[in-house]
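The values are calculated or read from the model by the stated rules, or taken from the named source; none is laboratory data. Small disclaimer: the values here were computed from a predicted structure and weren't measured. All Cβ positions, even for glycine, are placed from backbone atoms using ideal geometry, and neighbour counts span all protein chains on display. Surface accessibility is based on the protein's heavy atoms, side chains included, excluding ligands, DNA and RNA. Shrake-Rupley method; radii C 1.70, N 1.55, O 1.52, S 1.80 Å.
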Amino acid sequence: MAIRHFLSLLDLSRDELRTLIARAIDLKARRQNGERDEPLKNQTLGMVFEKSSTRTRVSFEAAMAQFGGHAIFLSPRDTQLGRGEPIEDTARVLSRMVDAIMVRTFEHEKLERFTAHSVVPVINGLTDLVHPCQLLADMQTWFERRGDIAGRTVAWIGDGNNMCNSYINAARQFDFTLRIACPEGYDPDASLLAAAGDQVNLVRDPSVAAQDADLVVTDVWASMGQEEEQARRARDFAAYQVNGELMSMTATDSLFMHCLPAHRGEEVAAEVIDGPRSVVWDEAENRLHAQKALLEFLLSG
Ligand code: CP
Ligand code: NVA
């Protein structure tokens, strides 16, 4: 059977994604009941991190340990990647030694080159373009709290970044409507947006996006690699904070999500992220369960 990779949500079919979310919910319950599953005994996950991480690293490492396997953390600081060994050679070598590889890097194209030279499944642990593992956790969180997301309305407020692009793909795969409010000059990826057709609308105004929305999602104004743009972005995004006033325009049972790390007082007010509609801690925990389902799918079919 051909090996499968997970570089974006579009690499899995709609049915596969739904099955994976259901399995993640099941794996969470099994862990809560103290059941032990070791489907990946003796298997190893290589994890290449060219950017910082708390959740992605710990969730993949814990997932492999809980499944009876092992994970290896690799950073450019202490591998030959940092001394210029080509990504293609690194992919060839690592994939002869481990059973799957997770990569967090900058350019998505670099991840694609890595994947082209890997003989084992590759997982996108975040690129500048998309962050699909986060969407598995977000969808799991929605399904747990509210059931199916098909037909619902999601408001994306803020930067048209890797998370926004991932929500565009999710709208297609999970059949919800996405309204994006981002300032001019901070639009999401044009081709992903075009491919989503009428399921995704760029509305600019946060209050238009938030009106009666079932789910409101935001993310940092300056992503990893954009640190020097922080001051300009803070000015350009000043009207894009998710606060109590914006949330009051949404549906009565709406939820708030943020992939974290968050900056209270910037993209989100403390009253929202620490308030009753926020499900950010479940969302973070679900990285573990959703990625266990993903690893099982890619490695044991
Ligand atoms: N949400 C997320 O991917 O967090 P980390 O950067 O901590 O992995
Ligand atoms: N957009 C953020 C997400 C972090 C998980 C970034 O790329 O830094």
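Please compute the length gained on full extension between Gln32 and Thr79, using 0.36 nm multiplied by the number of residues separating them and subtracting their Cα-Cα distance.
On the way: separation 47, 0.36 × 47 = 16.92 nm, distance 3.68 nm.
Result for the pair: 13.2 nm of gain on full extension.
The label-point distance for Leu260 and Asp15, in a model that sets each label 7 Å from Cα toward Cβ, rounds to 3.5 nm.
Between His70 and Glu227, the simple spin-label model (points 7 angstrom out along Cα→Cβ) gives 3.3 nm. Each of Glu227, Glu50 has its accessible area taken with a 1.4 Å probe; listed largest first, they run Glu227, Glu50. Springs between Cα atoms under 10 Å define the GNM used for the chain, and in it the highest mean-square fluctuation of Met249, Met102, Met257 occurs at Met249. Quick one: of the DSSP bridges fully inside the chain, what percent are antiparallel, nearest 5? Percent antiparallel among DSSP bridges in the chain is about 0. I want to make sure I understand the PRE zone here: with the label point 7 angstrom from the Cα of Val58 toward its beta carbon, which residues in region 248-267 have backbone N atoms less than 16 Å away? So the set is 259-262.
Across every direction, the projection of the convex hull enclosing the Cα atoms of region 80-216 has a mean area of 9.6 nm². Roll a 1.4 Å probe over the protein chains and send me the accessible area per residue for region 137-230 in Å². Each residue of region 137-230 exposes 33 Å² on average to a 1.4 Å probe. Could you compute how fast the chain diffuses translationally, taking Rh as the Kirkwood radius over C-alpha pairs and applying Stokes-Einstein at 20 °C with viscosity 1.002 mPa s? Give it in µm² per second. Stokes-Einstein gives a translational diffusion coefficient of 110 µm²/s. Angle of helix 87-97 to the longest C-alpha principal axis of the chain, folded into 0 to 90 degrees and rounded to 10: 60°.
Rolling a 1.4 Å probe over the protein heavy atoms of the chain, with every protein chain left in place, gives an accessible area that is 48 percent carbon and sulfur.
Return the Rg/Rh ratio of region 216-301 with Cα-based radii and a Kirkwood Rh. Can you show the working numbers first?
Values: Rg = 15.7 Å, Rh = 14.6 Å.
Ratio of gyration radius to Kirkwood radius for region 216-301: 1.08.
For region 20-155, go through all pairs of different Cα atoms, get the mean of 1/r, take its inverse, and jot down that Kirkwood value in Å.
On the way: mean 1/r = 0.0615 Å⁻¹.
Final number for the Kirkwood radius of region 20-155 is 16.3 Å.
Against the chain, whose longest principal axis comes from its Cα atoms, helix 132-146 is set at around 60 degrees. Per the Cα gyration tensor, region 79-144 maps to an equivalent ellipsoid with semi-axes of 26, 14, 9 Å, ordered largest to smallest.
Compute the acute angle (0 to 90°) between the alpha-carbon long axis of helix 55-66 and the principal axis of greatest extent of the alpha-carbon atoms of the chain; round to the nearest 10°. Compared with the principal axis, the helix lies near 40 degrees.
If you look at the Cα atoms of region 1-55, you get an Rg and a Dmax of 14.5, 36 Å.
Scattering from region 199-262 was approximated by placing one identical point on each alpha carbon and applying the Debye formula without solvent; log10 I(q)/I(0) at 0.18, 0.24, 0.26, 0.30 1/Å stands at -0.74, -1.12, -1.20, -1.32.
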